[in-house]
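Asker: Supplied in structure tokens, the structure appears directly below.
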Amino acid sequence: MAQILAKKVQKISWTDTIRGMKAGQTLYCTLKERLSVASRLSDYKKRHPEVEFSDWREIEPDKYAITCKKNCNDE
């Protein structure tokens with residue numbers, strides 16, 4: 001499965017970024033951003049239990065990634 005960069009665009013909330021992710025897309029962020037994304041991701045997964053994400057991975061120092069695995073933009 002190809003991984004596509006899904007980065008947060010300025011002035012778009014993390015929730016909108018998560019909602020717009022498609023299966024196979026990967027979100028890359030710093031540790032500070034990850035802490036902000038994690039709470040929004042947890043809330044989103046509670047409202048949409050069919051959504052699946054990978055575990056967080058450390059790509060390099062201060063760079064993390066999480067991949068949308070299933071149904072991330074099917075609302």
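Asker: Of the residues that make up segment 21-29, is at least one charged (D, E, K, R), surrounded by 10 or more Cβ atoms within 10 Å (Cβ to Cβ) and assigned to a helix (DSSP H, G or I)?
Answerer: Checked segment 21-29: no residue is charged (D, E, K, R), surrounded by 10 or more Cβ atoms within 10 Å (Cβ to Cβ) and assigned to a helix (DSSP H, G or I).
Asker: Is at least one residue of segment 59-71 of a type outside the set (D, E) and touching a residue at least 60 places away in the same chain (Cβ under 8 Å)?
Answerer: yes
Asker: Moving on. List the pairs whose first member sits in segment 18-31 and is touching a residue at least 40 places away in the same chain (Cβ under 8 Å), whose second member is assigned to a helix (DSSP H, G or I) and not aromatic (F, W, Y), and whose Cβ atoms are under 8 Å apart, counting only residues at least 6 apart or on separate chains?
Answerer: Correct list of pairs: I18/V37; I18/R40; I18/L41; L27/T17; L27/I18; L27/V37.
Asker: For segment 30-71, enumerate the residues that are among the hydroxyl-bearing types (S, T, Y) and part of a helix (DSSP H, G or I).
Answerer: S36, S39, S42, Y44
Asker: Report, by residue number, each residue of segment 16-34 that is closer than 27 Å to P61 by Cβ and out of contact with any strand residue (DSSP E or B) (no Cβ under 9 Å at 6 or more places or on another chain).
Answerer: Correct list: K32 only.
Read the figures in this text as sums done on the coordinates, not as results from a lab. As the structure is a prediction and not an experimental result, all values here were calculated from the model. Because the Cβ atoms are built from the backbone with ideal geometry, glycine has one as well, and the counts that use them run over all protein chains shown.
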